Amino acid sequence: MAELNTSAAGSGRKATRKRASTRVDLTAMVDLAFLLITFFMLTTTLSKSKMMPIVMPDIPGETGFSVSENRTLTVCLGKDNKALWYLGRAEQPILKPTVAGYGKNGIRKALLDARAYVKNNYGKTLMVIVKPADSSKYENLVNTIDELDITQVPAYAIADIAPQDIELLKQKGMY
């Protein structure tokens, strides 16, 4: 509590004004501060991380399943925010290697077209393999995974780029 100490003026003398010494007890203020800090810590929501789940195999190199090359779309990420995609194997592609950018008319359109092609010709779902090159940016990988999520591709994998894919990127000037 706040205290105020004053001394009584002596009798018969001229009254002199003395300074009052004050002492303020801040215990209640500290208690209130801790209560407010506790209140705001408990009532605020912490930011939730924005991530997409990716299932990875337990043992590297072992996938446990095989997918027909007829329904496998390979997306190779190159430099200058470009991607090269083809359906099938690099040596004998079903759909020829094509360069695409990111966005609605780029890789998204390629994913939708390839998904429709596989569904119409083979009656199965599309499998996508994303292969980032050394010259690609991490942002391009994230954008590609976002496009896979937007186009609702049910199965995809991230793999190391093969020498055949590097040659294709070099031919298109993207490596």
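A short reminder: the numbers here are calculations on the coordinates, not readings from a lab. The shown structure was predicted, so the numbers you read here are calculated from the model rather than taken from an experiment. Quick reminder, even Gly has a Cβ in these numbers, built from the backbone with ideal geometry, and neighbours come from all protein chains shown.
Cβ crowding within 10 Å, taken as a proxy for footprinting-reagent exposure, orders LEU35, LEU95, LEU87 from fewest neighbours to most as LEU35, LEU95, LEU87. Under 17 Å of direct C-alpha separation, and excluding same-chain neighbours fewer than eight residues apart, LYS119 reaches these lysines: LYS109. Entry note: the range 69-171 has Rg to Rh equal to 0.92, where both radii use alpha-carbon atoms and Rh is the Kirkwood radius. Placing a label point 7 Å from the Cα of GLU91 along the Cα-to-Cβ direction, the residues of the range 155-175 whose backbone N falls under 16 Å from that point are 162-168. Each peptide in 165-172, 137-144 gets a packing score, the mean of other Cβ atoms within 10 Å over its residues, and the list from highest to lowest is 165-172, 137-144.
Calculated FRET efficiency, ASN121 to ASP80, Cβ-Cβ distance, R0 = 45 Å: about 0.90 to the nearest 0.05. Spacing of the modelled spin labels on LYS104 and LEU26, each 7 Å from Cα toward Cβ, amounts to 5.9 nm. Length gained on full extension, MET51 to THR38, computed as 0.36 nm times the residue gap minus the Cα-Cα distance: 1.7 nm.
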